[in-house]
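In what follows, a single structure is set out as structure tokens and then discussed.
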Amino acid sequence: RPLTTEEIMELLENSDNEDLQEAEAIDIALVPPDRDNDTDVDDIADDDLVVEENNIRLLGKAKKKEREWENIQLEEENAYQAHLKIKSKMQHFPAIIEELIQRDARPLDFFKLFWPIEFIEYICSESEKYAKYKYGDNSFSVTPQEIYKIIAILLLSGYNTLPNTRLYWETKVDVQNAAISSSISRDNFLRIFRNLHFSDNNSTDETDRCRNVRPLLDHLSSKFETYAQPLPSVWSLDETMEPYYGNHHMKQFIKGKPIRFGYKFWCLNRPDGYCIRFKIYEGREDRDPSMTLGSSVTKKMVLNFVPENSEIFLDNYFNSLPLLEEMKTNKINITGTIRIDRIEKAPLRDLKKEPRGSVHGLKEKRVTLVYLDGTTIAK
């Protein structure tokens, strides 16, 4: 018969195994029974029951080696000099800007760098295929100019919002938009918008949760990176929400945020907020088991992309001590707040009763912790 919980606990407590004695926690995995020894007899006497320790799979977690922290003296002058050093690195001037200035380019020319005619023609082709596949509409056709108008209307509706899209074509003066109504008819807009498509349904990866918009995401991500060259040396990493209130398996809910419902994106930005690299959160991440989700995302976004000796600033959702150590190994500096449950019991002094502005610093190998006005900063 199988062992009871009490018998398993007694076996573990009386074990002479050194690994078990040093383990902080033990996971017990239930192994399927051996079919060759199956029996219907369940009244075996306890005296006849032979228990072998090797027949239980024990997954012991070895104790983590405690860090050896040293107190450090922080000087205001050094902090100010570090601030000036970071500020000088924040100057970033992509090469494409100088090229556009020399060409005396218009804003439309800059827009078409990200939305070139080749990609617009691809959207036209896939939209026409989708109309035939989804609705059997063989007469549907769309031109690149019409797609440009659709994008322009979507951009305009972002800052000139109405309760319903159809109101832009109304004749009432309080809602009508002459720029939209004079460029394309309402019915033509709705027909194109209904068939707007970005991928070939016959060649998509069924395991990709973003397969319908994957070509669009890849295209924009590539353009953002291309026209940010040369890459800056100061970055910020954060999450952002694109509001969405419909039903979708990738919709996220974040309590206490200005945008609580929608799609979540990880964004690697310049100091002025320009997004250079982004990744949509699909709800399943190949995460490093030794790190939190935020730290694993940071590794994926930063490693093999950000130049060496770059400075990255992030918040406590992403920061952790293992992340700081790994980034230091790859010659990348990270500074950010850190949650108190991630400092691995570092002996930071409680400054709540001390004057405002009091600071306590600790250092361990390549990691520095600073406690300032109730906030813990890790670098």
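The values are calculated or read from the model by the stated rules, or taken from the named source; none is laboratory data. All values derive from a computational prediction rather than experimental measurement. Virtual Cβ from ideal backbone geometry, glycine too; neighbours counted across all protein chains shown. Heads up: the accessible areas ignore ligands, DNA and RNA and are worked out on the full protein's heavy atoms, side chains in. Shrake-Rupley method; radii C 1.70, N 1.55, O 1.52, S 1.80 Å.
The selection criterion, being at pLDDT 90 or above, out of contact with any His (no Cβ under 6 Å at 6 or more places or on another chain), farther than 26 Å from Ile332 by Cβ and part of a loop (DSSP other than H, G, I, E, B), holds for His197.
With the condition kept exactly as written, say whether any residue in the stretch 186-207 is in contact with a Leu (Cβ under 6 Å, 6 or more places away or on another chain) and open to solvent by less than 70 Å² (accessible area, probe 1.4 Å).
Yes, the stretch 186-207 has at least one match.
Answer yes if at least one residue in the stretch 141-160 is assigned to a loop (DSSP other than H, G, I, E, B) and under 26 Å from Cys210 (Cβ atoms), and no otherwise.
Yes, the stretch 141-160 has at least one match.
Hey, among Phe114, Phe119, Phe110, which residue is modelled with pLDDT of 90 or more, over 24 Å from Arg194 (Cα atoms) and surrounded by 10 or more Cβ atoms within 10 Å (Cβ to Cβ)? Being modelled with pLDDT of 90 or more, over 24 Å from Arg194 (Cα atoms) and surrounded by 10 or more Cβ atoms within 10 Å (Cβ to Cβ) holds for just one of Phe114, Phe119, Phe110, which is Phe110.
Kindly establish whether Ile259 is open to solvent by less than 60 Å² (accessible area, probe 1.4 Å) and touching a Cys at 6+ places or on another chain (Cβ under 7 Å).
Details: open to solvent by less than 60 Å² (accessible area, probe 1.4 Å): yes; touching a Cys at 6+ places or on another chain (Cβ under 7 Å): no.
The answer is no for Ile259.
Name the single residue that is nearest to Ser295 (Cα to Cα) among those in the stretch 223-250 being part of a loop (DSSP other than H, G, I, E, B) and open to solvent by 60 Å² or more (accessible area, probe 1.4 Å). Filtering the stretch 223-250 for residues that are part of a loop (DSSP other than H, G, I, E, B) and open to solvent by 60 Å² or more (accessible area, probe 1.4 Å), the one nearest to Ser295 (Cα to Cα) comes out as His249. Selection over the stretch 212-251 of residues that are free of Cβ contacts under 8 Å to residues at least 24 places away in the same chain and among the acidic types (Asp, Glu) gives a count of 2.
Every residue, every condition in (1) at pLDDT 85 or above; (2) under 18 Å from Val234 (Cα atoms); (3) basic (Lys, Arg), yes or no:
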| residue | (1), (2), (3) |
| --- | --- |
| Phe318 | yes, yes, no |
| Met327 | yes, yes, no |
| Asn333 | yes, yes, no |
| Thr337 | yes, yes, no |
| Asp350 | no, no, no |
| Lys363 | yes, no, yes |
| Thr376 | no, no, no |
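Contact map, the stretch 181-196: residues that are on the phi < 0 side of the Ramachandran plot paired with residues that are open to solvent by 40 Å² or more (accessible area, probe 1.4 Å) and among the aliphatic types (A, V, I, L, M), Cβ distance under 8 Å, separation 6+ or inter-chain. Pairs shown: Ser183/Ala152. Counting just the residues of the stretch 168-185 that are within 14 Å of Ser157 (Cα to Cα) and of a type outside the set (Ser, Thr, Tyr), which one comes out surrounded by the fewest Cβ atoms within 10 Å (Cβ to Cβ)? Filtering the stretch 168-185 for residues that are within 14 Å of Ser157 (Cα to Cα) and of a type outside the set (Ser, Thr, Tyr), the one surrounded by the fewest Cβ atoms within 10 Å (Cβ to Cβ) comes out as Ala178.
I'd like to know if the stretch 346-354 contains one or more residues that are of a type in the set (Asp, Glu), without any contact (Cβ under 8 Å) to a residue 24 or more places away in the chain and either assigned to a loop (DSSP other than H, G, I, E, B) or open to solvent by less than 10 Å² (accessible area, probe 1.4 Å) (or both). Yes, the stretch 346-354 has at least one match.
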